1. Hey, can you find the accessible area per residue of the chain for me, probe 1.4 Å, expressed in square angstrom?
2. For region 116-171, just run the numbers: alpha carbon Rg, then divide by 2.2 N^0.38 Å, N being how many residues it has.
3. In region 85-171, which chymotrypsin sites (Phe, Trp or Tyr not before Pro) fall in coil by DSSP and have 16 or fewer other Cβ atoms within 10 Å?
4. Rounded to whole Å, give me the distance from the Cα center of region 127-165 to that of region 38-54.
5. Tilt of helix 91-106 relative to the longest C-alpha principal axis of the chain, in degrees (0 to 90, nearest 10)?
6. So what is the orientation-averaged projected area of region 66-171, using the convex hull of its C-alpha atoms, in nm²?
7. How far apart, in nm, are the 7 Å Cα→Cβ label points at GLU152 and GLU168?
8. Starting from the amide H of HIS78, placed 1.01 Å from N in the peptide plane, find each other amide H under 5 Å away whose residue is 5 or more places distant or on another chain.
Amino acid sequence: MTQSQTTSFEWTSPERAKYKNYDMSQSLSKNYIHLIFSTKYREVQMRKEDFPDIYAYISGILTNLDCPLITIGGTSNHLHILCVLNKNIALSKMVEEVKKSTSKWIKGKGSFYRQFAWQDGYGAFSVSQSKVETVSQYIRNQEAHHTTRTFEEELRIFLNEYKVEYNENYL
């Protein structure tokens, strides 16, 4: 290759037109996330009668983040959320926004919630398109699941199934 030759070439309009259909002009993704997090110290901090309001509030946050909610469910000490993660937001940022906003909002719902807080961590697991309905059903049946196992037992199952290394002291 001589000095005048280069490894790239300039596209002229007729040349570029030939390849127009091969340009990838958009970024496409669809990442389903099963998010699990609990109240501080796994304490009973949510009342069942308030779940519809809590779920609606979280749905609004996710809508504003362009992370559509698929299903939400939980018990008095933890929540499960299945949503689609927006390609333009980091998972940690989405979780931070949901937890920060709901914590601030729920404290205004009366004296029962004055000390409300979420735990610092969370579990997030990818879900394939073919498993969305199965995971949705699981989330909708949280109350029944927790008649036979604790939150910690449930979380261990997910961590082991997804082969996530964890420190038992922080469960």
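1. Computed with neighbouring chains in place, this is 65 Å² per residue.
2. Rg over 2.2 N^0.38 Å, computed on Cα atoms: 1.24.
3. In loop regions of region 85-171 (DSSP not H, G, I, E or B), the sparsely surrounded chymotrypsin sites (Phe, Trp or Tyr not before Pro) are TYR162, TYR166.
4. 18 Å
5. 40 degrees
6. Approximately 7.9 nm², given one-decimal rounding.
7. 1.0 nm
8. Amide H neighbours of HIS78, under 5 Å, 5+ apart: THR39.
The values are calculated or read from the model by the stated rules, or taken from the named source; none is laboratory data. Just so we're clear, the structure is a prediction, and the values are computed from it rather than from any experiment. Every residue, glycine as well, gets a Cβ built from its backbone with ideal geometry; the counts of neighbours run over all protein chains shown. Heavy atoms of the whole protein, side chains included, go into the accessibility calculation; ligands, DNA and RNA do not. Shrake-Rupley method; radii C 1.70, N 1.55, O 1.52, S 1.80 Å.
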